[in-house]
Structures are given as structure tokens and as C-alpha cells.
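Before any comments, here is the structure.
The values are calculated or read from the model by the stated rules, or taken from the named source; none is laboratory data. The structure displayed is predicted, hence computed values, not measured ones. Counting neighbours? That spans all protein chains shown, and the Cβs are built from the backbone with ideal geometry, glycine included. Quick note on the areas: whole protein, heavy atoms, side chains included, nothing else; ligands and nucleic acids left out. Shrake-Rupley method; radii C 1.70, N 1.55, O 1.52, S 1.80 Å.
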Amino acid sequence: MQASYPPSSSSPSLQLNQNYKGHGLPKGKEREQRASIRFKTTLMNTLMDVLRHRPGWVEVKDEGEWDFYWCDVSWLRENFDHTYMGEHVRISHFRNHYELTRKNYMVKNLKRFRKQLEREAGKLEAAKCDFFPKTFEMPCEYHLFVEEFRKNPGITWIMKPVARSQGKGIFLFRRLKDIMDWKKDTRSSEDQKDEIPVENYVAQRYIENPYLIGGRKFDLRVYVLVMSYIPLRAWLYRDGFARFSNTRFTLNSIDDQYVHLTNVAVQKTSPDYHPKKGCKWMLQRFRQYLASKHGPEAVETLFSDMDNIFIRSLQSVQKVIISDKHCFELYGYDILIDQDLKPWLLEVNASPSLTASSQEDYELKTCLLEDTLHIVDMEARLTGREKRVGGFDLMWNDGPVSREEGGPDLSGMGNFVTNTHLGCVNDRKKQLRQLFRSLQGQKKTPN
């Protein structure tokens, strides 16, 4: 994940003047008349491979005009308000994505949404948002935190910088003295000169009973693609992975990052890390493992609870994210599972790593990106009624999407099954062949 950024104090309105850079075709030219799609990206990883191999797509360098830009989040801050985009142009982030992807904003929005649900639908409905650990923003909620800390002496807390990634700046603590030391350190730090005096962190209750496999802690990386916030239209990818720590879990050594942090960026610096073996399981393997241990019903419940996390978290920012038709976003969700098979949302990444750590990882990310581009649909091939495209399943389309044909179950019998298949078979090649064959057939058949 690239570090997110705070909102600017004023967001200039989009107007056309000599300062604006235009992208796309002159007005009046339809999408399907384009001979090629001009793309731009600064990311040199699997993404570049996928874009360069896509038929009819042409790379644009430097200041050339583009139709599709997979941009760095920092580009948005500097250029979004000064860029005029043609009707068909697409860009890979929402303007204020940080409402979901900065740790402090995510928690603020989830807390607000929970209160709203309690007012409008009651405590039972609000309890469906209880999937994030107790969290305080530091330093502004320090006194509230101290109050909570003193209620539960001896438990473990984790401190995370709100806008850093790859495990940087994270530490665990059990004593208030450690926080006092942290405040002193951050105040005197040389690299803070041009920023706020104390870097913003969140203090979060550490989940002390994580589910372990082979004695090791892990978390899950799951991919969610949002094409629109108003109305909310979100797709869930079937594949993802579990990321394991290299060292057996224990609460006796809270300073050992190889025990507590599962980020690949951290684990690969471990002395006994094996680059070829890595520390990942694909989600299919993980789902099968859980089913063999706990039975299919327990696994269904767990994965359904994860679906709830994806939808509720997106709904919590639905009214604050600027839903621009030019924007889409591929989010990387980080989920931790505890010993009771309860999933917890750790964070949402606006720029999930697209660099492969193994051949299996490369294949997953290549297929993920190819299918993302199919749904973004610069080629204008889809009808807009698809419920599955490659490895993606449409899970929300201004309301829940039914797995069965024929739409939602309105009988009140509770037979509704959400159209999600996380960790299930991903026969994407076969599905894409059938999909594009049928779309081709529809074009040939006159109405």
C-alpha cells in the first residue's frame, strides 16, 4: 500500500481553463470507435505486464494523453482537480479514497455508521459492525485511551501510524510508559520537521487469541473492486491469500515483529525466510483446511461474516467518498481471524502490493488485474448485467446480489444466498471464454 494522504482544506471546483490538462477523445467520438486504448502507469510490476499484453492497448509516456491511468495516490492529490477527463476515461482511485484506507478515518467512519444504524435499525443491526478492535486516534484521543487502558490492565495494545504501510512504525505495548516514550521520540524526531509535531497513530486493542495454523499467526488478503459508490457497485475476487508469520506465536515476546506482523515486507527480512517457499497459502487451500477442521457449516458462517465486513465498511463511506464516474478502485482488505472463527477488519489498502513474491503469487495477481480490466471495460464489451466476470463475482449492486438467477428472495423465507465465492474454485478462463462468446453472439444477433 502506498501511504494515503489527508484531505486538502479546500477542494477547488473542477472547471475548464488553461490550467487543466484534458484526457480522452474529442466530444462526439464513441467508445467503440477507438482503434486503441492509451494507458499510463508508473508501477513497474505485474500491472505493467498485464497492461502491455492487453490487445489494442498502447503505452503512453510522460505528458502524452491517456484514456486509462493506473496512478499513484500521490498523483491524485496534485493533479486530479486540474485534469479534465473525457466521458470514457478511467482512473484507478477515488478522489478521497483515504476515508476508507487511512486507519483513523476508517475507524471514524465505521463508528459513525454504527451509531447511525443503531438509531435507524436498532442495536442488533448495529452489532453487525462490531468487526474492528477498540481503537483510539493518537494523540487527540489520548485521554479517552488512558481511561480505557486503566479499565483493562495487563492487556496488549498495538500502535500503528495512520498513513504508513508494510508494517513500518508499528509496535506493541502493555504499559503507559511506552506511550510516553513514543510521544517524546516523535516530538524530537528530525524527519518530522516539516510535518505536524506528533505523527498521528491509532492505538488498537491487540487481538490476543488469533487463530493459529502450525502455531503461527496469519492474516488474509482479500480483493474488492468498487466501480461506483452511488449507487454502490462492488465485486469480490475469488482468490486471495493467507500471509503467515515466520515464527511461532507467543505473547511472551511482544517486541518480536516476526511473531506479530504478517506483512511480507517484514517477514522477508527474517533470517529463516525462504524466498521460494514464502509464507503464503492461497485462499482455496485455507478454506479447505478450515472445512476439514471445523466442517463446512462453520466455514460458510465465517465467510459470510467476512462478506458482511466488506459491505458494511463500504457502506460506512458511501456518503463521504466522492463517487466520480471516471474512478474505480481495487482495495486490498486485511482480515484477521480469531480462535472463535470471528473475522476482524485490520485495514483496507488503496494500493495493495502488485509485486509478486512467487510464481503462484504472480499468477494470482496477473489474473486479478486482467479481470479488473475486463470489468472496467474500456473496450465496451459488457452489457452491465453480468454477475460474474472471470474471478470476480458481483456482490452488491445498489443492494445484495443473489447467487441464484432471478434476483433477491422476496418470500421472507430467508433463502437468499449472496453471490460470493471467496476461496472457492476459480475456473475463470472457462467462464471468460463463455462470457465473451455469448457477448459476441449477442452483437451478431440483430434486435
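Observations on the structure shown:
- Positive minus negative residues near Phe136 (Lys, Arg vs Asp, Glu; Cβ under 10 Å): -2
- Net length available on complete extension from Asp178 to Asn152 is 7.7 nm, with 0.36 nm assigned per residue and the Cα-Cα distance removed.
- Antiparallel bridges, percent of DSSP beta bridges restricted to the stretch 34-185 (to nearest 5): 25 percent
- Summed residue charge, Cβ within 14 Å of Pro352's Cβ, Lys/Arg positive, Asp/Glu negative: -3
- Largest to smallest in accessible area, the residues Asp178, Asp427, Asp62 fall in the order Asp62, Asp427, Asp178 (1.4 Å probe, all protein chains included).
- Nearest-10 value in Å² for the accessible area of Glu404, using the 1.4 Å probe: 110 Å²
- Accessible area of the stretch 24-137 belonging to carbon and sulfur atoms, whole % at 1.4 Å probe: 49 percent
- Inter-part distance where the stretch 344-403 and the stretch 56-89 are each reduced to a Cα centre, Å: 21 Å
- Ile322 exposes around 90 Å² of accessible area when a 1.4 Å probe is run over every protein chain in place.
- Across the stretch 197-247, the mean sequence separation of Cα contacts (distance under 8 Å, 6 or more residues apart), normalised by length, yields a relative contact order of 33 percent.
- FRET E, pair Val425, Glu404, Förster distance 25 Å, beta-carbon r, rounded to 0.05: 0.90
- Residues listed by number, the stretch 32-74, amide nitrogen under 16 Å from Gln440 label point at 7 Å toward C-beta: 55-56
- Accessible surface of the stretch 298-445 [probe 1.4 Å, protein heavy atoms]: carbon and sulfur percent: 50 percent
- Above-threshold pairs, the threshold being 30 Å between Cα atoms, out of Lys217/Lys365; Lys61/Lys160; Lys128/Lys319; Lys108/Lys151; Lys103/Lys293: Lys61/Lys160; Lys103/Lys293
- With a simple spin-label model that places each label point 7 Å from the Cα along the Cα-to-Cβ direction, the separation between Ala35 and Lys387 comes to 4.1 nm.
- Relative packing of 359-365, 295-301, which averages over residues the other C-beta atoms within 10 Å, highest first: 359-365, 295-301
- Sorting 279-290, 235-246 by their mean Cβ neighbour count within 10 Å, with the most densely packed peptide first, gives 235-246, 279-290.
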